[in-house]
Amino acid sequence: MSAGACGHVLFFTSAAAFRAEKLCCSAGIAGARLVPVPRDLSSDCGVALRFSLEPGKARASVAAVEALLTEASVPFERTVAE
């Protein structure tokens, strides 16, 4: 992934993280892939979904991912934009 801005979705379970990755990749969410949770963030399962933030539209990028996961009933802890 490029050095551009990215967001992370934190999950309570790894099963939800795996479902989210598959869903986001199928939906064409840029840069969506599972990564270890960054040290400055916390998560119950230790796996986060990283995705690219569209330049100048970080909130819209986060909202799109949250809406996709919510619509598919994929439980997540929170999203973080960097």
Inset, instruction - Give the distance, in whole Å, between the Cα centre of the range 30-82 and the Cα centre of the range 5-21. - result: 6 Å
Inset, instruction - Could you check the simple spin-label distance between Arg39 and Arg78, using points 7 Å along Cα→Cβ, in nm with one decimal? - result: 2.0 nm
Inset, instruction - Ratio to report: Rg/Rh of the range 35-82, with Cα atoms as the point set and Rh obtained by the Kirkwood method; give two decimals. - result: 0.96
Legend entry - Reported label for calculated Cα Rg over 2.2 N^0.38 Å given [x] 1.10; [y] 1.02; [z] 0.96: [z]
Inset, instruction - Determine the calculated [θ] at 222 nm for the chain from helices alone, applying -39500 (n - 2.57) to every DSSP H run no shorter than 4 residues and normalising by the residue count; nearest 500 deg cm²/dmol. - result: -10500 deg cm²/dmol
Inset, instruction - Considering only Leu41, Leu69, Leu53, give the residue with the highest GNM mean-square fluctuation for the chain, with springs between Cα atoms whenever their separation is below 10 Å. - result: Leu41
Legend entry - Estimated inter-spin distance, Ser52 and Ala15, nm [label 7 Å along Cα→Cβ]: 3.3 nm
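Read the figures in this text as sums done on the coordinates, not as results from a lab. If you're wondering where the values come from, they're calculated on a predicted model, not measured in any experiment. Glycine also receives a Cβ, built like all others from the backbone with ideal geometry; neighbour counts cover every protein chain displayed.
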